[in-house]
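Accompanying notes for the structure given below.
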Ligand code: 26M
């Protein structure tokens, strides 16, 4: 295939011909007879079929990477694929000729919610980068019938609605019946012996059919098309309760069907309340076992039963501990089905598997009761137990702290299977997602392992798809950049560096400001349409968008807004820079505190926005239902990026990178990847505040932090804000906020909101004061973009490919 042919449409005319034909093929009607939804569907189907053709035509040699993740938050695909195939302009012009602007078709696309937040979006960015770099990357995940709930706001409260994302069909997926595999749950392990040889089988239990749905992943340049394989659970015919069915007990027969289908019905939200649910364990095992069976089947076809070479040709990466069963399950298949010796199977597993940790929050570290685990996966469990036994037996008992080290690192402990330890022991590589985070893993979270096997540990600072989050999301700025430095930055994000000299070019800065304004208008319109809140685009757009969690401290941001509110009213000489505060994000259904913070923001918004004394200086908007598609509207409009988690809590953060790249200036703590952003942009182009990681640790360890001291030390200002939570000031919409006050004053402010308050507000005031000098501000903003190339996930994936997956060795 010639390079030219990688363009799926050769010209506008070629596109129009093919599109019109596709309307007949895919919808059985002419373009004019179709509605916008159908027109979108046909266009997506056409691009999907092109993508599949490219994949079928050329599958490059080389190591196959399998990225195992329970979440892939892929977002809308069409616009991104048009960019990657290099036909976005052609298609846009063609659609204009047809009288149906491309934007209108793009707005028809569903945004599959197959992930919670950062971890799921990272997996999607990695898929984009693997394809862009020509790596044979395969995603392995779950096809949830319902994605993460849709968030609507009623009287300020988050209300959850089902995400029926498959309602109108999903044009990108192909069901692959012929690739279905059987996954076994429960039953008993039976030992067989013959001629002195013995082996085990798992008998009985439930047989589930895992059916894959494949989604093509188009790489930039259109040369590589990879595959994202998402598994769906169906009853296996072998196991469908035919006896019950034949006896006329349809209810029983149908119950089995729905129990099995439940496995792929819903995505679990990452909150504490949902831990330990057996259905979650079933999901984890289903996609692990189905994925591994597929890998080995593919491998055996190509290389025969040369299992000892598996790690040379295949890399299996586990995204957090959710696929931790990969190790023991790979061993089970190798030993039981392929006749591989136990020790060799363990060696193969370790050589093949690697693991990324994404959090140090103790409540998020996965553990399962041994009894639950063993009953559901009796044979796989035996491999865990045997590895754990050998681990203890061969433990270096000569070390004086060996008992402590063993207690930290054993897989089985306190009646539980510790999934992080399982992941580390079965992997050759363990990485954190920012320099700071990896340091904390080594020094604390996984310290025992670091002492024993330091060579396994490495850092891989996260990255983002700059093509999606700048190229697609911010067309006005992307155009300006390409017109200025060419479009090479799309394939090599380091070329954004070429913008640096333009940070001192007055006309470029003016153009930048125009692009920003256009994006602010676009967002203001969206916010007005969805919430009724009007934002003045001459205000500074100050943005905090991410999942709601105590450690991310959206509450600290609210405290700052209430402080501004109080001071504007009581002190007429106080003239803060007029600012629009934009929030967006979801809270897990059962995370009461996080949901109360959402209600608080909406209550503050109501008070502030309708109070003529302040609403020309501050406005507050909560954008409902944060998702990849709405994120793509928000990042480009942002001028301040709020990254205010307490130091040592946010593993990396990735919205910090997306916002920086779009020319927003970070107001943040020294946490996660903020540390690296600071190093890259320099202290003049970022605003850092608050306690450092060590100071947080020392303060906690000292036991000397006392929230009431902070309250009493400043009754008129900080104390007053705490009081306002319960004195009716904010109660108009749906009541007071006793539980938030209790978190601060009774629970002694675990997240140090009161502690960092002054340093935060001062930092904000200094930063916004500097907005008056628009030239200096825009200069900083452009430098942020120019120095953001490092945070392209292309760089991250290159590092994974070299250091962990050993591609091209
Ligand atoms: C666990 C058990 C049951 C149900 C759900 C979960 C679960 C799901 C997702 C737990 C955690 C999950 O995600 C954690 C996460 O998103 N971590 C974020 O990962 C990003 C990418 O590395 C980082 O940038 C963020 O800092 C980190 O919080």
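The values are calculated or read from the model by the stated rules, or taken from the named source; none is laboratory data. Being a predicted model, the structure only gives us computed values, none of them experimental. Note that each Cβ is placed from the backbone with ideal geometry, even for glycine, and that neighbours are counted across all protein chains shown.
The figures follow:
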| quantity | calculated |
| --- | --- |
| Failed condition for residue 17, given (1) part of a helix (DSSP H, G or I); (2) in contact with a helix residue (DSSP H, G or I) (Cβ under 6 Å, 6 or more places away or on another chain) | (2) |
| Some residue of the stretch 350-367 being out of contact with any helix residue (DSSP H, G or I) (no Cβ under 6 Å at 6 or more places or on another chain), under 15 Å from residue 428 (Cα atoms) and part of a helix (DSSP H, G or I) | yes |
| Among the candidates 659, 691, 680, 667, residue that is under 27 Å from residue 605 (Cβ atoms) and more than 14 Å from the ligand (Cβ to nearest atom) | 667 |
| Output for the stretch 46-85, where each listed residue is away from the ligand (no atom under 16 Å from the Cβ) and outside any helix (DSSP H, G or I) | 58, 59, 60, 61, 62, 63, 64, 65, 66, 76, 77, 85 |
| Condition check for residue 233: in contact with a helix residue (DSSP H, G or I) (Cβ under 6 Å, 6 or more places away or on another chain), assigned by TED's automatic domain parsing to the domain that holds residue 268 and free of Cβ contacts under 8 Å to residues at least 60 places away in the same chain | yes |
| Test for residue 259: is it more than 30 Å from residue 547 (Cα to Cα), assigned to a helix (DSSP H, G or I), modelled with pLDDT of 75 or more and away from the ligand (no atom under 16 Å from the Cβ) | yes |
| Helices (runs of 4 or more DSSP H) lying entirely in the stretch 408-473 (those with 3 or more residues that are away from the ligand (no atom under 16 Å from the Cβ) and over 17 Å from residue 317 (Cβ atoms)) | 447-452 |
| Residue match in the stretch 423-430 (condition: in the same structural domain as residue 73 (by TED's automatic domain parsing) and free of Cβ contacts under 8 Å to residues at least 24 places away in the same chain) | no |
| Number of positions in the stretch 506-555 that are in a loop (DSSP other than H, G, I, E, B) and buried (at least 23 other Cβ atoms within 10 Å of the Cβ) | 5 |
| Total residues in the stretch 159-176, condition touching a strand residue (DSSP E or B) at 6+ places or on another chain (Cβ under 6 Å) and outside any strand (DSSP E or B) | 5 |
| Verdict on residue 735 being under 29 Å from the mean Cα position of the chain (by Cα), on the phi > 0 side of the Ramachandran plot and surrounded by fewer than 16 Cβ atoms within 10 Å (Cβ to Cβ) | no |
| Scan of the stretch 609-651 for residues that are within 16 Å of the ligand (Cβ to nearest atom) and closer than 19 Å to residue 587 by Cα, ordered by number | 626, 627, 628, 631, 642, 643, 644, 645, 646, 649, 650, 651 |
| Residue check, residue 606 within 16 Å of the ligand (Cβ to nearest atom) and either outside any helix (DSSP H, G or I) or in contact with a strand residue (DSSP E or B) (Cβ under 9 Å, 6 or more places away or on another chain) (or both) | no |
| Long-range neighbours under 8 Å by Cβ, at least six apart or interchain, first residue more than 19 Å from residue 439 (Cβ to Cβ) and near the ligand (Cβ under 10 Å from one of its atoms) within the stretch 353-380, second at pLDDT below 95 and in a helix (DSSP H, G or I) | 363/272 |
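This table checks each residue for (1) within 19 Å of the chain's Cα centre (by Cα); (2) surrounded by fewer than 24 Cβ atoms within 10 Å (Cβ to Cβ).
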| residue | (1), (2) |
| --- | --- |
| 651 | yes, no |
| 667 | no, no |
| 682 | no, yes |
| 691 | no, yes |
| 698 | no, yes |
| 706 | no, yes |
